[in-house]
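A short worksheet on the structure shown next.
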Amino acid sequence: MDIAIYIHIPFCERKCPYCDFNSFSGRQALRTAYVDALCHEMAAVAARGRALGASYAARTLYFGGGTPTLLDPRHFAQLLACAREQFGWHERLETTTEANPGTIDVAYLRALRALGVNRVSLGVQSLDDAMLRRLGRIHDASAAIAAVEACREGGFENLSVDLMYGLPDQDLPHWRRTLEQVAALAPEHLSLYPLTIEPGTPFWRRRESGRLILPPDDDVAEMFEVAEEALKANSFDHYELSNWALGMVHQCQHNLTYWRNQPYVGLGAGAHSSLHLERYHNVESPSDYIRLVGDRADAVASRESIDRNLEMAETLILGLRLADGVRRTAFRDRFGRNLDEVIGDALSRPGLDELIADDGERIALSPRGKLLANEVFVAVLDSSIGGPSVC
């Protein structure tokens with residue numbers, strides 16, 4: 001069975017005030033024990049697969065966080081060796097690490113490249129120093145540009161850059177300048193995310209107290225449209241709601257696994273997995289994760305069975321995030337049912353029909369649908385394929 005493998009590294013130098021990811025500043029003393037626990041979990045996952053008659057072959061490998069590049073190269077070497085030992089290995093495996101400017105240099109990147117890491121996802125977020133300070137980032141614009149240059153000098157030919165928009169005090173001219181500056185750095189891939197205020201974060205508390213003022217929703221929507229226009233002019237294909245690539249060869253193969261609702265294994269504290277019609281996630285505390293993996297060979301906090309209706313609904317919702325949308329033939333081949341029969345008239349209701357483009361072979365989000373995607377997703381969940389099992 002082909003799977004994507006995600007390895008969560010929950011350590012960061014400093015927690016950003018908008019972040020609700022499972023990440024923790026400091027905790028350097030835990031890192032070696034944590035890497036050992038990851039290797040134990042890999043062996044346990046592979047053993048459970050064999051017990052079910054499944055032999056897993058890694059399609060992609062992705063180090064996320066947190067900040068994976070706080071690990072030493074020897075830790076990467078250990079994790080890659082363990083993964084090769086426990087799982088089958090596809091030729092030309094896409095192996096990505098997330099990285100933050102200020103945590104990498106050329107020597108470090110050359111070491112990772114020599115180990116087989118072949119893609120970097122760089123958390124730039126902005127190229128405005130004042131904006132970066134508001135976001136609590138540890139780097140400034142010059143460090144971000146230096147990080148891009150270091151990736152190139154370190155041997156990486158597949159580079160993704162993350163940016164955020166809808167930021168405090170950000171307007172359309174500022175966002176246009178940011179896009180022009182990043183396009184000039186010539187990354188192969190871009191991920192653009194609107195700032196989302198998550199409950200419990202410092203940004204949430206600031207907004208609730210009136211100390212954080214964000215652009216109006218209409219301006220944020222226009223920023224999305226500006227990005228589509230500007231990046232198309234720079235030859236980027238908009239292949240997923242938040243992602244652009246210079247051609248199919250540079251689309252993120254790991255994330256395509258999620259959007260196609262295919263099997264994946266998440267390793268590490270708080271990591272999520274989806275295998276054999278079951279979804280589960282690990283405990284979030286790195287210390288608890290290390291202890292539980294040592295005691296019982298897993299650190300699973302909860303499990304959920306995925307029935308056929310929910311699998312179809314999620315396949316539709318995730319597939320509609322892609323520019324290619326959901327193809328009728330692929331849906332029928334996977335589920336043995338016709339898409340139109342399953343979805344009924346959920347997407348032909350007044351007001352929703354203009355959010356969908358339908359060419360007879362596939363359904364996809366229309367340009368307006370990209371701005372109102374959540375309305376489409378809710379309609380899918382409310383349709384006959386959802387029902388109580390979705391909630």
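The values are calculated or read from the model by the stated rules, or taken from the named source; none is laboratory data. Small disclaimer: the values here were computed from a predicted structure and weren't measured. A quick note on method: Cβ atoms are made from the backbone with ideal geometry, for glycine too, and the neighbour counts reach across all protein chains shown. Protein only, heavy atoms only, side chains kept; ligands, DNA and RNA dropped before computing areas. Shrake-Rupley method; radii C 1.70, N 1.55, O 1.52, S 1.80 Å.
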query: What accessible area per residue comes out for segment 6-145, rounded to a whole number of Å², with a 1.4 Å probe?
result: 40
query: Once all Cα-Cα distances of segment 53-199 are split into 10 Å bins that start at 0, what whole-number percent is in each one?
result: 10, 39, 30, 16, 4, 0
task: Could you provide, to the nearest whole Å², the per residue accessible area of segment 265-391 with probe 1.4 Å?
output: 48
message: Over 5 Å intervals from 0, what percent of Cα-Cα pairs in segment 1-131 sits in each interval?
response: 2, 9, 19, 22, 19, 14, 8, 4, 2, 0, 0
task: Would you please give the residues with an amide H less than 5 Å from that of Arg59, counting only those at least 5 places away or on a separate chain, with H modeled from the backbone geometry?
output: Ile3, Ala4, Ile5
message: Keeping all protein chains in the complex and leaving out DNA, RNA and ligands, what accessible area do you get for Met1 with a 1.4 Å probe, in Å² to the nearest 10?
response: 90
- request: With just the Cα atoms of segment 1-71, tell me how far they stretch along each of the three principal axes, in Å, largest first.
  value: 44, 24, 18
- prompt: Accessible surface of Arg291 in the full protein assembly, 1.4 angstrom probe, to the nearest 10 Å²?
  reply: 120
message: I'd like the carbon and sulfur percentage of the solvent accessible area for the chain, probe radius 1.4 Å, heavy atoms only, ligands and nucleic acids excluded.
response: 49
- request: Rounding to the nearest 20 debye, state how big the charge dipole of segment 215-293 is about its Cα centre with +1 on each Lys and Arg Cβ and -1 on each Asp and Glu Cβ.
  value: 700
task: In a Gaussian network model over the chain where Cα atoms closer than 10 Å are linked, find which of Leu241, Leu79, Leu185 has the largest mean-square fluctuation.
output: Leu185
task: Amide H neighbours of Ser121 under 5 Å, at least 5 residues apart or on other chains, H built in the peptide plane: list them.
output: Thr97, Glu98, Ala99, Ser160
query: Dipole of the chain (Lys/Arg Cβ +1, Asp/Glu Cβ -1, origin at the Cα centre): which of Leu179, Val148, Leu79 lies farthest to the positive side?
result: Leu79
- request: In a Gaussian network model over the chain where Cα atoms closer than 10 Å are linked, find which of Glu375, Glu208, Glu153 has the largest mean-square fluctuation.
  value: Glu208
message: Is there a quick way to get the dipole size of segment 59-135? I mean about its Cα centre, with the Cβ of Lys and Arg at +1 and of Asp and Glu at -1; what is the value in debye to the nearest 20?
response: 100
- prompt: What order do you get for 188-199, 161-172 when each peptide is scored by the mean count of other beta carbon atoms within 10 Å, highest first?
  reply: 161-172, 188-199
task: Find out how many positive minus negative residues lie around Trp244, taking Lys and Arg as positive, Asp and Glu as negative, among other residues whose Cβ is under 11 Å from that of Trp244.
output: -3
field: Check: the chain dipole with +1 on Lys, Arg Cβ and -1 on Asp, Glu Cβ, in debye
entry: 1180
- prompt: Computed over the Cα atoms, what is the radius of gyration of segment 127-286 divided by 2.2 N^0.38 Å, N being its residue count?
  reply: 1.17
- prompt: When the Cα centres of segment 90-141 and segment 30-75 are compared, how far apart do they sit, in Å?
  reply: 20
- prompt: Using θ = phi - 60° and the Karplus curve 6.51 cos²θ - 1.76 cosθ + 1.60, what whole-Hz ³J(HN,Hα) does each residue of segment 99-109 get, with Gly and Pro shown as x?
  reply: 8, 10, x, x, 10, 9, 9, 4, 4, 4, 5
statement: Scaled by the rule-of-thumb 2.2 N^0.38 Å, the alpha carbon Rg for segment 134-174 gives a ratio of 1.44
